[in-house]
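Reviewing the structure listed below.
What follows is calculated from the coordinates using simple rules that are stated; it is not laboratory data. Nothing here was measured: the structure is a model prediction, and the numbers come from that model. Note: ideal-geometry Cβ built from the backbone for every residue, glycine included; neighbour counts use all protein chains shown.
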2 protein chains.
Amino acid sequence: MKAYKELSKDELLTLKEQLNKEYEDVKAKGLKLDMSRGKPAASQLDMEMDFLNVLDENSVLKAEDGTDCRNYGILDGIFEARKLMGDMLGVPAENVIICGNASLNIMYDTIARSMIFGVMGSTPWCKLDKVKFLCPVPGYDRHFAITEQFGIEMINIPMTSTGPDMDMVEKLVSEDEAIKGIWCVPKYSNPQGITYSDETVKRFAALKPAAKDFRIFWDNAYAIHDLYEETSEELLDIISECAKAGNPDMVYEFCSTSKVTFPGSGISAVASSEANLDFIRKTMTVQTIGYDKINQLRHVKYFKDIHGMKEHMKKHAAVMRPKFDAVLEILEKELAGLEIGSWVKPGGGYFISFDAMEGCAKEIVNKCKEAGVVMTGAGATFPYKKDPKDSNIRIAPTFPTPEELAIAADLFVLCVKLVSVNKLLGEM
Amino acid sequence: MKAYKELSKDELLTLKEQLNKEYEDVKAKGLKLDMSRGKPAASQLDMEMDFLNVLDENSVLKAEDGTDCRNYGILDGIFEARKLMGDMLGVPAENVIICGNASLNIMYDTIARSMIFGVMGSTPWCKLDKVKFLCPVPGYDRHFAITEQFGIEMINIPMTSTGPDMDMVEKLVSEDEAIKGIWCVPKYSNPQGITYSDETVKRFAALKPAAKDFRIFWDNAYAIHDLYEETSEELLDIISECAKAGNPDMVYEFCSTSKVTFPGSGISAVASSEANLDFIRKTMTVQTIGYDKINQLRHVKYFKDIHGMKEHMKKHAAVMRPKFDAVLEILEKELAGLEIGSWVKPGGGYFISFDAMEGCAKEIVNKCKEAGVVMTGAGATFPYKKDPKDSNIRIAPTFPTPEELAIAADLFVLCVKLVSVNKLLGEM
């Protein structure tokens, strides 16, 4: 394939005419597809309906320690659930608190708590003139939405193939006391699918922040969400690395079963040092009497242990893998060599990150939408929804059926071509 | 029975000796009972184990509007759950948002949101020098714990048999702009079991607060928690009363199914005006993707509608009623005429409120504890855990078995007598 930039104006105009025709044909089909969010497909959820059989009127609803899971109490969650989620992260049960149905909510609460009460004795962030967060980009829009809502200034940190640019992270946190945190999705990052290297994790653990209340927000959302069994990527345990480096309290780690059992009906967890957890408990004990222990027990009984959970995840992978492969194949087949976009093949997670030519992402997403395929909004992967290069697009291939996905991916590459041609013709 | 205060010193000393002997006998039994919290008994929970049969792998997990309850989404909760909880409160489904497993958490979040973001455009409370809340006393300790944690100054408002002292409430809120809210348990109040009269509700609705961001925190925790079918007490709907009085945005109402299905595994709701709910949604949409819709669906399928829910509550009442009656009978039999304590027979809710002679509550609770019966801490029903008269004790009769309860109640009246005698003898 010849790179588009090598084409003459006449060639581009001919190509444009042809692509426009193809586009109008697709538009006429009246598609209505959604590739916007990292949602499991119905076929994934169908596969785990037996999760609802785990507990019935004949079940014994006692936790291992004898607690009646039907009644009030147990702020931290039942121990066996703490163990299960701890094993998901590779940390001891004692370092884990189980919360409600979403880790996002724990992250929000963690920021809210820091705003109002500070962090283990520090000045409440709401009393400070300026609070800043580092945001590896592209990243997860819902993280950025939280810090934006609290008026926290966000600073873009470029991602590399081994994680965030650690030179920049080290420099900034050591110099600026207003920097109180960094958002990380360290494994199969959202949206690029990058797993932080051992060196990156060690450099995180060894940070020397100017702010004593600086915390790493380690959202390990895809801890066991491999797509390919043979290439499961390993992530170093940040909590023990921080302890080894003399920074035991520098990290909060988050996870959930939202993409393990049912989204919205899972359990979530925060893992951290004993000191951090004790501080969290001080507010949590006023905020709630305890989270849903029956659902915790349901999870433990369904999976038995982390091995059961990992086996279960293979079933999800089996449904998702062909979808990722299909999109990657279409990208490869249709765009390779054209030099109008690049992408990474992820080893896990829920997304394929696509980088279009500069200044083209918004228009590509618009074109897709016009033809009935909703993508994640261009810019969503950046703080303030502002992608400085207007280049990154997050593809979420999991929710559509394989048939829908093929149609959507075909439309996507068509829009990439069309917009790129327009760009090269100087028409946008 | 002769009132204790009419007894001579010698009579008191004889009585003391006799009571002390009885007390030592009970102590020797090594009791270990808990009357401290408003927890349903295991026998209540046993009765509703079929709740766990509602959903299994053959269930259709679609909401009425077609939403797949297994997947992400629907910030407000599924409509049929909003309708169910709305019917519990007597408000339209449109005025209801369903949240997680505990209404306490919504109340906490509501205060936290006001602290950080203000209320519909007002100055964030954390930026103000002083924020105050009115606290009808005796009241619910977990309410007071929230406002205490946020550094909100609490002002005691005496309860009357028709609700809080409204003269005082009207005067204070109209004069002091720092007063931003009031905690209310308007039906079968915690701990007295008082239902606010129509006049009280109307006076609440017609308040003219100095602070535009003043809100009534209407914790309708016991909306359908009658003990006696024939005497179900009616509470006026505060939301429509506020609207009629020209104060549509002045109230947040809260409820949950914590004492309807399983505590900790229920669903909760906040009801309010459209404007308040819109403001709440602005933060909620960043805080969560949505709460547990499968559990919402489980509740709707189990009860069908509010009639099913009310029928179900009769089963709880049938278990609880004999316990309340047993305690009330022992109080009546052992203490009537002694003038060392007073109590109210509640028509619903989870508590019996007992007022000892001034300065005796702490010591009574201590004595009970020493003999193996844990009561709610004396003072817990007041802000800062400070009962100015050291008089109020909250009795929670629901959790023990009837046999345990009889033993605990006997011990309680014994301790009331013993401490009162000591008080009258000037020995404390």
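List the residue ranges in chain B for DSSP H helices whose C-alpha atoms run 30 angstrom or more along the long axis and whose Kyte-Doolittle average is 0.5 or above.
Long hydrophobic helices here: B:402-424.
Can you put B:389, B:259 in order, fewest other beta carbons within 10 Å first?
If I rank by nearby Cβ atoms, fewest first, I get B:389, B:259.
What distance in nm separates the simple spin-label points at residue B:358 and residue A:130, each placed 7 Å from Cα in the Cβ direction?
5.8 nm
Quick one: Debye curve from the C-alpha atoms of the range A:314-360, no solvent, what's log10 I(q)/I(0) at q = 0.25, 0.31, 0.33 Å⁻¹?
Values returned for q = 0.25, 0.31, 0.33 Å⁻¹ are -0.94, -1.20, -1.28.
Just need log10 I(q)/I(0) for the range B:220-299 at q = 0.12, 0.13 Å⁻¹, Debye formula, equal scatterers on the alpha-carbon atoms, no solvent, rounded to two decimals.
-0.48, -0.56
Stokes-Einstein D for the range A:53-209 at 4 °C, 1.567 mPa s, Kirkwood Rh over Cα pairs, in µm²/s?
72 µm²/s
How would you classify the range A:146-201 from its alpha-carbon gyration tensor, with a ≥ b ≥ c the square roots of the eigenvalues: rounded for a/c under 1.5, else prolate if a/b is greater than b/c, otherwise oblate?
It is oblate, given that a/c is not under 1.5 and a/b is not larger than b/c.
Plugging the Kirkwood radius over Cα pairs into Stokes-Einstein for the protein assembly as shown, at a temperature of 37 °C and a viscosity of 0.692 mPa s, what D comes out in µm²/s?
The Stokes-Einstein estimate is 112 µm²/s.
Among residues other than residue A:372 whose Cβ falls under 9 Å from its Cβ, what is the net charge (Lys/Arg +1, Asp/Glu -1)?
Summing Lys/Arg as +1 and Asp/Glu as -1 gives +3.
Looking only at other chains, what is the average number of their beta-carbon atoms within 10 angstrom of each beta-carbon in B:109-115?
3
Given labels modelled 7 Å from the Cα in the Cβ direction, how far is it in nm from residue A:369 to residue A:62?
In this crude label model, residue A:369 to residue A:62 measures out at 5.7 nm.
So if I take the alpha carbon set of chain A, get Rg, then get Rh from the Kirkwood formula, what is the Rg over Rh ratio?
Radius of gyration over Kirkwood radius for chain A works out to 1.00.
Contour minus end-to-end for residue A:307 and residue A:10, with contour as 0.36 nm per residue of separation and end-to-end as the Cα-Cα distance?
Full extension of this stretch gives 101.0 nm more.
Neighbouring Cβ atoms within 10 Å as the yardstick, rank B:331, A:172, B:425 fewest first.
In order of increasing Cβ crowding within 10 Å: B:425, A:172, B:331.
How do A:252, A:291, A:302 rank when sorted from fewest to most other Cβ atoms within 10 Å of their own Cβ?
A:302, A:252, A:291
Would you work out the relative contact order for the range A:87-176, in percent, from Cα pairs under 8 angstrom that are 6 or more residues apart?
Result for the range A:87-176 is 19 percent.
If R0 is 35 Å, what FRET efficiency do you get for residue A:339 and residue A:208 from their C-beta distance, rounded to 0.05?
E between residue A:339 and residue A:208, to the nearest 0.05, is 0.25.
For residue A:22 paired with residue A:244, estimate the spin-label separation in nm (one decimal), with each label point 7 Å from Cα along the Cα-to-Cβ line.
About 5.0 nm, to one decimal.
Across bins of 10 angstrom width beginning at 0, how are the C-alpha pair distances of the range B:71-303 distributed, in whole percent?
P(r) over the range B:71-303, rounded to whole percents: 8, 34, 39, 17, 2, 0.
Using the Cα gyration tensor of the range A:104-177, with a ≥ b ≥ c the square roots of its eigenvalues, what is the shape: rounded (a/c below 1.5), prolate (a/b larger than b/c) or oblate (neither)?
oblate
What pairs in A:83/A:282; B:202/B:310; A:282/A:310; B:83/B:301; A:9/A:417; B:132/B:212 have C-alpha atoms more than 24 Å from each other?
As for pairs spanning more than 24 Å Cα to Cα, those are B:202/B:310; A:282/A:310.
Find how many whole Å separate the alpha carbon centroid of the range A:242-277 from the alpha carbon centroid of the range B:132-158.
So the two Cα centres are separated by 33 Å.
Only bridges whose two residues both fall in the range B:81-195 count here: according to DSSP, what percent of them are antiparallel, nearest 5?
Antiparallel bridges make up about 20 percent of those DSSP assigns within the range B:81-195.
If you take each beta carbon of peptide B:116-126 and count the beta carbons of other chains within 10 angstrom, what is the mean?
Per-residue shielding by partner chains comes out at 2.
Computed from the mean reciprocal separation of all distinct C-alpha pairs, what Kirkwood hydrodynamic radius does the range A:294-413 have, in Å?
When all Cα pairs of the range A:294-413 are included, the Kirkwood radius is 16.0 Å.
I'd like the per residue volume of the convex hull spanned by the Cα atoms of the range B:65-145, given in cubic angstrom.
Given the Cα convex hull of the range B:65-145, per-residue volume reads 147 Å³.
Separation of the range B:72-125 and the range B:367-428 by C-alpha centroid, Å?
36 Å
If R0 is 25 Å, what FRET efficiency do you get for residue A:329 and residue A:53 from their C-beta distance, rounded to 0.05?
0.10
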